[in-house]
Amino acid sequence: MAQSTDESSSPGSGQDLRLESVSKKFGDFVAVDNLTLTVPQGSFFALLGPSGCGKTTTLRIVAGLEDPTLGRVYIGEDEITSLRPYKRPVNTVFQSYALFPHLTIFENVCFGLRRKGVKDYKDKTREMLDLVQLEPYATRKPAQLSGGQQQRVALARALINEPGVLLLDEPLGALDLKLRRQMQIELKRIQTEIDVTFVHVTHDQEEAMTMADTIAVMNHGVIEQMGAPSELYENPTTTFVANFLGQSNLIVVDVVDSSGQTVVLDCHGQKVGVDAARSHTAEGKGWLGVRPEKIFASAQGTVEHDDANLLTGGVVSDVSFVGVSTQYLVALPWGQEVMVFEQNTGHRASFKNGDAVDLAWSRQHAFLLDAGQDAHAGVVSGDDE
Amino acid sequence: MTQTTTSPPKASDDGEASKRRGWGWLLLVPGMLWLAIFFLFPTVQLFFTSLYDPSGSYEQGYALTWHVANYVDAIKDTWNLFGRSFMYAGISTFVCLLLGYPLAYAIAFKAGRWKNVMLVLVIAPFFTSFLLRTLSWRAILADQGPVTSFLQTIAILPDDGRLLATPVAVIAGLIYNFLPFMTLPLYASLDKVDYRLIEAAGDLYSSPFTGFRKVTFPLSLPGVVSGTLLTFIPACGDYINAELLGTPKQYMVGNRIQAAFLTEHNYPLAASLSIILMLIVVLMVIVYVRKSGTEKLV
């Protein structure tokens with residue numbers, strides 16, 4: 001499993017959120033397993049993973065709603081591990097919003113300021129309601145608002161306290177797709193504007209990739225891989241990450257030579273290669289990974305690629321036209337089917353079932369993973385939105 | 001950002017909707033009939049009885065003479081009983097709230113898998129008759145009983161002090177008998193409070209106590225209102241506790257009504273006392289519910 005230290009971030013802006021060897025056990029179940037993590041101040045950080053991976057528990061530990069079994073939590077130099085929630089400079093946007101049903105929108109938003117005894121809470125609350133465009137709803141009760149509006153109240157109620165770290169627990173999960181897209185952009189805009197550290201927990205890879213500067217992919221209580229969205233997508237180090245972020249074709253290969261710049265592989269008798277920097281195993285068997293949109297299908301024998309990888313002998317077994325692209329399933333000689341997405345540029349006719357095709361892709365677009373892992377780890381079923 | 005508005009789905013077929021409406025009211029019929037026969041009719045009867053000429057008697061019959069003076073007579077002799085009834089009922093309700101709230105809170109939030117067992121224990125006293133339980137309180141509070149001796153030993157009670165036949169005994173009896181009526185609605189209300197709201201209050205800088213004051217308690221108000229009503233109303237009219245645990249000095253208006261009906265057979269007096277008690281309680285309830293509805297109780 002990948003180690004979870006963040007080398008890319010420059011420490012020292014003073015108010016970084018740091019978790020040191022944090023574990024949380026519920027009985028025999030290990031929800032969070034020896035997690036070490038630094039979230040730089042002002043960054044938009046996403047904890048991404050399937051349900052039960054420990055991401056929400058991690059968030060609750062930062063919020064103070066759970067005590068870690070082991071480990072320490074810091075904001076800047078201050079240890080907050082055993083600080084009660086109401087004493088932490090941390091606020092949360094809860095999954096179900098947890099708005100106070102007996103209070104008006106105004107009273108909900110100023111709740112934190114009033115507890116802290118801020119004198120001019122009225123002006124600040126009006127400003128905040130203005131920022132989330134809910135001024136006209138100030139005197140209403142939460143139940144009288146739509147889901148999207150409630151979401152913005154929850155955000156305003158947390159942000160108004162100017163927390164050092166804002167925690168977002170699946171904040172957009174209850175919204176419909178269109179509204180979610182809108183709120184993703186809105187959240188990112190607000191985060192850039194006010195420069196607060198956002199820690200965002202989600203199971204939606206698209207949501208994480210849209211908003212976050214850094215994503216930590218969690219599985220079984222540990223971080224599988226951490227990095228910028230493009231880095232995780234283009235160069236995953238585990239099959240779980242390869243499958244959980246987008247889709248990947250994973251093909252069994254034998255490592256022939258891993259000494260040079262290009263690692264030479266044997267794929268059922270055909271020679272292919274992958275950049276050494278994207279190779280995460282050195283010998284024996286491996287999973288050669290390539291994204292469906294990186295593969296170019298061409299009629300058999302029509303393409304010569306010296307620089308690229310080429311697999312010949314494929315047969316189109318399924319064609320689905322989805323508008324922006326056409327998605328093919330291509331059966332390779334050894335029976336495995338790979339996905340190929342072709343953008344609908346209109347430059348050429350699409351293939352039909354039974355067409356013989358060769359598959360080509362640039363060597364810097366592939367990645368090589370250790371074969372010890374389950375090729376289906378992290379596969380998200382299609383209807384999971 | 002655009003404002004999104006939600007509108008309730010409209011009934012597409014009005015004919016269908018009205019047909020459904022047309023039959024639904026039939027469900028009311030059994031309950032309404034029951035109330036008409038066993039509540040409305042007796043109440044009207046009671047009202048007329050309160051206006052009979054008091055010179056009549058049970059044996060010879062009464063004449064309906066719209067004798068409003070019955071009410072004046074009733075109040076004249078019993079105003080102190082009314083005062084005592086409301087005072088006893090008020091104190092008992094308040095103490096029931098103090099005892100019942102922590103109990104209901106513990107059952108709702110802390111009992112875990114013991115929740116159902118604890119709820120059964122709360123209603124367990126109902127398995128025995130009300131009368132029997134109150135009688136056994138006589139033994140508990142008796143002059144030579146364990147409670148009295150203990151309180152004398154630790155010098156809270158003087159050596160010749162007693163519990164039985166004092167207001168303390170009557171109020172204690174009322175509290176004991178009505179505590180489940182307070183606890184159950186409180187529990188129902190607290191159990192519905194979303195624990196995440198309490199967490200949210202903590203996240204927003206509320207200490208546990210402030211969180212309780214600003215979130216948990218206001219959200220449990222429906223339970224507080226129904227619990228206090230279910231305790232206060234029957235306690236106002238109770239006469240068993242005063243009868244068994246007190247002396248005529250502790251008698252409540254219920255004792256007077258009971259005596260007028262069953263011992264003296266002075267029906268007009270009993271009826272007018274009942275009507276007065278009913279009116280005062282209804283009035284108090286209206287004011288109380290109005291006040292709590294506008295959140296002035298928070």
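The values are calculated or read from the model by the stated rules, or taken from the named source; none is laboratory data. Just so we're clear, the structure is a prediction, and the values are computed from it rather than from any experiment. Backbone-built Cβ (ideal geometry, glycine too); neighbour counts: all protein chains shown.
Mind checking which residues of segment A:72-125 are of a type in the set (Gly, Ala, Ser) and touching a residue at least 12 places away in the same chain (Cβ under 8 Å)?
If the condition is that a residue be of a type in the set (Gly, Ala, Ser) and touching a residue at least 12 places away in the same chain (Cβ under 8 Å), then A:Gly76, A:Ser82, A:Ser96, A:Ala98, A:Gly112 are the ones that fit.
Out of all the residues in segment B:284-296, is one or more surrounded by 18 or more Cβ atoms within 10 Å (Cβ to Cβ), more than 14 Å from chain A (Cβ to nearest Cβ), at pLDDT below 95 and touching a Ser or Thr at 6+ places or on another chain (Cβ under 9 Å)?
no
Any idea how many residues of segment A:343-372 are assigned to a strand (DSSP E or B) and either small (Gly, Ala, Ser) or out of contact with any Pro (no Cβ under 9 Å at 6 or more places or on another chain) (or both)?
Result for segment A:343-372: 11.
Given the conditions (1) in contact (Cβ under 8 Å) with a residue 24 or more places away in the chain; (2) surrounded by fewer than 22 Cβ atoms within 10 Å (Cβ to Cβ), and given that B:Asp194 satisfies all but one, which numbered condition is not satisfied?
For B:Asp194, the failing item is (1).
For segment A:224-280, which positions are in a helix (DSSP H, G or I) and of a type in the set (Val, Ile, Thr)?
Those that are in a helix (DSSP H, G or I) and of a type in the set (Val, Ile, Thr): A:Thr239, A:Val241.
Specify which of the listed residues (B:Leu179, B:Leu98, B:Leu174) is modelled with pLDDT of 95 or more and surrounded by fewer than 17 Cβ atoms within 10 Å (Cβ to Cβ).
Criteria check complete, one pass: B:Leu98.
The conditions are (1) among the β-branched types (Val, Ile, Thr); (2) buried (at least 18 other Cβ atoms within 10 Å of the Cβ); (3) over 20 Å from the mean Cα position of the chain (by Cα), and A:Ile223 fails exactly one of them. Which is it?
Here A:Ile223 clears every test but (3).
Considering only residues that are crowded, with 16+ Cβ neighbours inside 10 Å, in a loop (DSSP other than H, G, I, E, B) and either at pLDDT 90 or above or in contact with a helix residue (DSSP H, G or I) (Cβ under 9 Å, 6 or more places away or on another chain) (or both), which ones fall in segment A:3-47?
A:Asp16, A:Pro40, A:Gln41, A:Gly42, A:Ser43
Does any residue of segment B:147-167 turn out to be under 17 Å from B:Thr247 (Cβ atoms) and among the small types (Gly, Ala, Ser)?
The answer is yes, given that some residue of segment B:147-167 is under 17 Å from B:Thr247 (Cβ atoms) and among the small types (Gly, Ala, Ser).
Tell me, please, whether a residue that is assigned to a loop (DSSP other than H, G, I, E, B), without any contact (Cβ under 8 Å) to a residue 12 or more places away in the chain and farther than 29 Å from B:Ser220 by Cα can be found in segment B:107-115.
No, there is no match, as no residue in segment B:107-115 is assigned to a loop (DSSP other than H, G, I, E, B), without any contact (Cβ under 8 Å) to a residue 12 or more places away in the chain and farther than 29 Å from B:Ser220 by Cα.
Condition test on B:Leu99, is it under 30 Å from B:Met118 (Cα atoms) and either touching a residue at least 24 places away in the same chain (Cβ under 8 Å) or not aromatic (Phe, Trp, Tyr) (or both)?
Numbers: under 30 Å from B:Met118 (Cα atoms): yes; either touching a residue at least 24 places away in the same chain (Cβ under 8 Å) or not aromatic (Phe, Trp, Tyr) (or both): yes.
Here the answer is yes, as B:Leu99 does meet what is asked.
In segment A:151-165, how many residues are within 11 Å of chain B (Cβ to nearest Cβ) and not charged (D, E, K, R)?
To start, the set of residues in segment A:151-165 that are within 11 Å of chain B (Cβ to nearest Cβ) comprises A:151-152, A:154, A:157-158, A:160-161, A:163.
Now narrow it down to the ones that are not charged (D, E, K, R): A:151, A:154, A:158, A:160-161, A:163.
Final tally of qualifying residues: 6.
Being buried (at least 22 other Cβ atoms within 10 Å of the Cβ) and hydrophobic (A, V, I, L, M, F, W, C) is the filter; apply it to segment A:103-120 and report the residue that is farthest from the other protein chains (Cβ to nearest Cβ).
A:Ile105
Across segment A:153-192, what is the total count of residues that are at pLDDT 90 or above, β-branched (Val, Ile, Thr) and more than 19 Å from A:Phe100 (Cα to Cα)?
Summing the residues that are at pLDDT 90 or above, β-branched (Val, Ile, Thr) and more than 19 Å from A:Phe100 (Cα to Cα) in segment A:153-192 gives 1.
This table checks each residue for (1) aliphatic (A, V, I, L, M); (2) out of contact with any Ser or Thr (no Cβ under 6 Å at 6 or more places or on another chain); (3) free of Cβ contacts under 8 Å to residues at least 60 places away in the same chain; (4) more than 12 Å from chain B (Cβ to nearest Cβ).
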site: A:Val132; (1), (2), (3), (4): yes, yes, yes, no
site: A:Thr139; (1), (2), (3), (4): no, no, yes, yes
site: A:Pro142; (1), (2), (3), (4): no, yes, yes, no
site: A:Gln149; (1), (2), (3), (4): no, yes, yes, no
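Kindly evaluate B:Ser207 against the criterion of being of a type in the set (S, T, N, Q), farther than 30 Å from B:Thr166 by Cα and more than 16 Å from the chain's Cα centre (by Cα).
yes
Just to be sure, is A:Phe100 more than 30 Å from A:Ser23 (Cβ to Cβ), within 8 Å of chain B (Cβ to nearest Cβ) and touching a helix residue (DSSP H, G or I) at 6+ places or on another chain (Cβ under 6 Å)?
Taking the combined requirement at face value, the residue satisfies it.
Given the conditions (1) within 21 Å of A:Glu231 (Cα to Cα); (2) in contact with a helix residue (DSSP H, G or I) (Cβ under 8 Å, 6 or more places away or on another chain); (3) modelled with pLDDT of 90 or more; (4) not aliphatic (A, V, I, L, M), which single one is not true for A:Gln261?
Every condition holds for A:Gln261 apart from (3).
Looking at B:Thr148, B:Thr134, B:Thr166, B:Thr153 in this structure, which one is surrounded by fewer than 17 Cβ atoms within 10 Å (Cβ to Cβ), hydroxyl-bearing (Ser, Thr, Tyr) and over 20 Å from B:Ser220 (Cβ atoms)?
One residue alone meets the criteria, B:Thr153.
Working carefully through the options B:Glu264, B:Glu199, B:Glu243, find the one that is on the phi < 0 side of the Ramachandran plot, away from chain A (no Cβ under 14 Å) and either without any contact (Cβ under 8 Å) to a residue 12 or more places away in the chain or surrounded by fewer than 19 Cβ atoms within 10 Å (Cβ to Cβ) (or both).
On inspection, the qualifying residue turns out to be B:Glu264.
Across segment B:125-142, what is the total count of residues that are out of contact with any helix residue (DSSP H, G or I) (no Cβ under 9 Å at 6 or more places or on another chain) and of a type outside the set (Ser, Thr, Tyr)?
Qualifying residue count, segment B:125-142: 3.
Which condition number does A:Asp123 fail, the rest of (1) within 14 Å of another protein chain (Cβ to nearest Cβ); (2) surrounded by fewer than 23 Cβ atoms within 10 Å (Cβ to Cβ); (3) out of contact with any strand residue (DSSP E or B) (no Cβ under 9 Å at 6 or more places or on another chain) being met?
Exception for A:Asp123: condition (1).
Determine, yes or no, whether B:Arg138 is within 14 Å of chain A (Cβ to nearest Cβ), in a helix (DSSP H, G or I), more than 19 Å from the chain's Cα centre (by Cα) and modelled with pLDDT under 95.
Details: within 14 Å of chain A (Cβ to nearest Cβ): no; in a helix (DSSP H, G or I): yes; more than 19 Å from the chain's Cα centre (by Cα): yes; modelled with pLDDT under 95: yes.
Answer is no for this residue.
Check A:Ser248 against each of (1) among the hydroxyl-bearing types (Ser, Thr, Tyr); (2) within 13 Å of the chain's Cα centre (by Cα); (3) within 23 Å of A:His376 (Cβ to Cβ) and name the one condition it does not meet.
All conditions are met except number (2).
Under the condition of being within 13 Å of another protein chain (Cβ to nearest Cβ) and either within 21 Å of B:Val285 (Cβ to Cβ) or among the acidic types (Asp, Glu) (or both), which residue from segment B:179-196 is nearest to the chain's Cα centre (by Cα)?
If we take residues in segment B:179-196 being within 13 Å of another protein chain (Cβ to nearest Cβ) and either within 21 Å of B:Val285 (Cβ to Cβ) or among the acidic types (Asp, Glu) (or both), then B:Ser189 is nearest to the chain's Cα centre (by Cα).
Return the residues of segment B:219-234 that are within 13 Å of another protein chain (Cβ to nearest Cβ) and surrounded by fewer than 19 Cβ atoms within 10 Å (Cβ to Cβ); say none if nothing qualifies.
Once the filter is applied, which keeps residues that are within 13 Å of another protein chain (Cβ to nearest Cβ) and surrounded by fewer than 19 Cβ atoms within 10 Å (Cβ to Cβ), segment B:219-234 yields B:Leu221, B:Pro222.
Mind listing whichever residues of segment B:222-251 are under 18 Å from B:Thr134 (Cα atoms) and either β-branched (Val, Ile, Thr) or not in a helix (DSSP H, G or I) (or both)?
Passing the criteria: B:Thr231, B:Asp238, B:Tyr239, B:Ile240, B:Gly246, B:Thr247, B:Tyr251.
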